[in-house]
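**Q** This structure is in structure tokens; I'll ask about it shortly.
What follows is calculated from the coordinates using simple rules that are stated; it is not laboratory data. The structure presented is a predicted model; accordingly, all values stated were derived computationally and were not measured. All Cβ positions, even for glycine, are placed from backbone atoms using ideal geometry, and neighbour counts span all protein chains on display.
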Amino acid sequence: MIELHQFRPFWGLPNASPFCMKAETYLRYRDIPFRSVPSGPRRSPSGQIPFLVDGERTVTDSQAIIEHFEARQPSHLDADLDETQRATAYFVRELVEERLYWQITYMRWGDPAGWRVFKPDLTPYLPRALRGPGLFAIRRTLLRRMRRRGLPPDDPAAAYAQGMPVLDALSGLLADKPFFLGETPHSLDMSLHAFLANILDQPHENPLQAHGRRLTNLVDYTRRMKALCYEN
Ligand SMILES: N[C@@H](CCC(=O)N[C@@H](CS)C(=O)NCC(=O)O)C(=O)O
């Protein structure tokens, strides 16, 4: 049985890590049977999760996991894309996975209002060794990395101002199509669904989520992808 090593579900989300959720969304979309194994970055060969074990092979990185299976499919998910669409998909994925990853991290660890609700919910979910001083050390490292990216805890308005144009651009790209590159999902949708759901469907409000929820085509899109991948 294929094993997907990832965090356990959290806050009603399939995964609070958008990269783990991307891999799971893909496996579910392709109907590939798998077993979810609770894990953390320290247990991964790359130091990051998700990672996947398929027999003798261990695959790290969510995109590599998708490509590992797509290489065996009779038709690649992106087979119908032309060169311009492939280039667009590449740049959109790179930008979203960089920019929105840090927005999601900020919503929980950086924004003082987000940290107030995240910390008490996260603590019981962590192994004992990571509670207290361990958690403090993780947050200190993340805060340093966020400050370097212009995401300071004392200025949530400036921090979220970096994420809102990304959501606006995604809404413009999606327009009135059912999926980002047309009538059917492509590998890009596995990523975008995971990142958007982690912003729009997390249970605590913040200005980025409020902004995203006003972009109704994105809200409908996350519902559509959820129904397709998680509700059948
Ligand atoms: N490029 C990787 C990124 C994975 C990633 O950043 N995972 C995070 C969890 S959301 C992680 O393990 N972070 C721990 C660290 O970087 O130390 C992928 O697509 O799988």
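**Q** What's the local net charge at residue 197, with K and R +1, D and E -1, over the other residues with C-beta under 15 Å away?
**A** Local net charge: +1.
**Q** Can you list the equivalent-ellipsoid semi-axes of the chain, largest first and in whole Å, using the square root of 5 times each Cα gyration tensor eigenvalue?
**A** 27, 23, 15
**Q** What is the calculated FRET efficiency for residue 126 to residue 169, with r their C-beta to C-beta distance and R₀ = 41 Å, to the nearest 0.05?
**A** 0.75
**Q** Let me ask another. Which residue, 124, 134, 110, has the largest displacement toward the positive end of the dipole of segment 110-164 when charges sit on each Cβ (Lys, Arg +1; Asp, Glu -1)?
**A** Selected residue: 134.
**Q** Now for a different question. Fewest Cβ neighbours within 10 Å first, please rank 62, 171 accordingly.
**A** Ordered by Cβ neighbours within 10 Å, fewest first: 171, 62.
**Q** Right, next: Report the gain in length on full extension from residue 54 to residue 1: 0.36 nm times residue separation, minus Cα-Cα distance, nm rounded to one decimal.
**A** My answer for the length gained is 18.3 nm.
**Q** If I stretch the segment between residue 90 and residue 154 completely, what's the gain in nm (0.36 nm per residue apart, minus their alpha carbon distance), one decimal?
**A** 19.7 nm
**Q** Fewest Cβ neighbours within 10 Å first, please rank 177, 226, 22 accordingly.
**A** Ordered from fewest to most neighbouring Cβ atoms within 10 Å, 177, 226, 22 come out as 177, 226, 22.
**Q** At residue 78 and residue 140, where each label point lies 7 Å from the Cα along Cα→Cβ, what is the point-to-point distance in nanometres?
**A** Between residue 78 and residue 140, the simple spin-label model gives 4.1 nm.
**Q** Just to confirm a number: summing +1 for Lys and Arg and -1 for Asp and Glu over residues other than residue 151 whose beta-carbon lies under 14 angstrom from that of residue 151, what do you get?
**A** +4
**Q** Suppose each label sits 7 Å from its Cα in the direction of the beta carbon; what would the residue 43-residue 219 distance come out to in nanometres?
**A** About 3.7 nm separates the two model spin labels.
**Q** Cut-off is 10 Å between beta-carbons; in what order do 216, 123 appear when sorted fewest neighbours first?
**A** Fewest to most other Cβ atoms nearby, the residues stand as 216, 123.
**Q** Kyte-Doolittle mean at least 0.5 and Cα extent at least 18 Å along the axis: which DSSP H helices of the chain qualify?
**A** For the chain, where a helix must reach 18 Å along its axis and average at least 0.5, the hits are 187-200.
**Q** Now a separate question. Quick one: net charge of residue 232's neighbours, Cβ under 14 Å, K/R +1, D/E -1?
**A** Its environment carries a net charge of +3.
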